[in-house]
Amino acid sequence: MIRDYQAIMKTWFAKGHQRIIPTYGKHEGVKLLGILNYETGKVYCEEHEKYDAEVFMGFLEKTLEIYPTGKIVMILDNARIHHAKMLEDLLEKNKRLTLMFLPPYSPKLNLIEGLWGWLKNEVINNAFFSKVDEIQQAVRWFINYVNELPNMVIDRLCVKM
């Protein structure tokens with residue numbers, strides 16, 4: 001979730017004159033689901049109004065369309081929606097899709113978390129967005145940007161493992 005209340009991160013300002021980033025105070029945001037292909041460096045990302053088991057199931061179905069052949073291992077945290085009963089039939093019918101769950105409180109083991117941090121550092125932090133639409137545009141710009149430079153994505157996010 002990329003929220004509308006911006007943060008000051010790693011910035012310079014004159015001593016005693018802290019930089020202030022305004023906010024419009026609605027606590028909206030952009031809810032993202034994403035795939036980072038560790039082999040190709042390509043990123044696929046979807047935006048949603050809500051994040052629930054039904055949305056996640058649709059995301060898994062889209063993943064199967066994007067990667068029509070071969071084994072898919074999706075690394076996930078332990079959010080309740082990732083364990084929803086409604087996913088059982090989909091996973092039973094698509095044995096090539098495996099959900100791998102990380103230990104609790106271990107986001108550094110999931111490389112997509114590095115992508116979300118990179119996104120926030122590049123386009124969200126230290127910036128003011130007057131509407132959630134502007135945040136969405138910034139997110140889309142970033143995803144398009146990294147997809148044009150897949151080797152940079154691999155070097156930055158995947159090689160460190």
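Observations, loosely collected:
- Hey, Leu119 free of Cβ contacts under 8 Å to residues at least 60 places away in the same chain, surrounded by 12 or more Cβ atoms within 10 Å (Cβ to Cβ) and among the hydrophobic types (A, V, I, L, M, F, W, C) or not: no
- Options Leu157, Leu115, Leu64; residue that is of a type outside the set (S, T, N, Q) and more than 17 Å from the chain's Cα centre (by Cα): Leu64
- For segment 88-118, the candidate set comprises residues that are part of a helix (DSSP H, G or I) and charged (D, E, K, R); within that set, the residue that is modelled with the lowest pLDDT is Lys108.
- None of Lys50, Lys71, Lys95, Lys131 is charged (D, E, K, R) and surrounded by 12 or more Cβ atoms within 10 Å (Cβ to Cβ) except Lys131.
- Residue in segment 65-80 that is hydroxyl-bearing (Ser, Thr, Tyr) and at pLDDT below 90 present: no
The values are calculated or read from the model by the stated rules, or taken from the named source; none is laboratory data. Fair warning: this is a prediction, and the values are worked out from it, not measured in the lab. In this analysis, Cβ positions are derived from the backbone assuming ideal geometry, glycine residues included, and neighbour counts consider all displayed protein chains.
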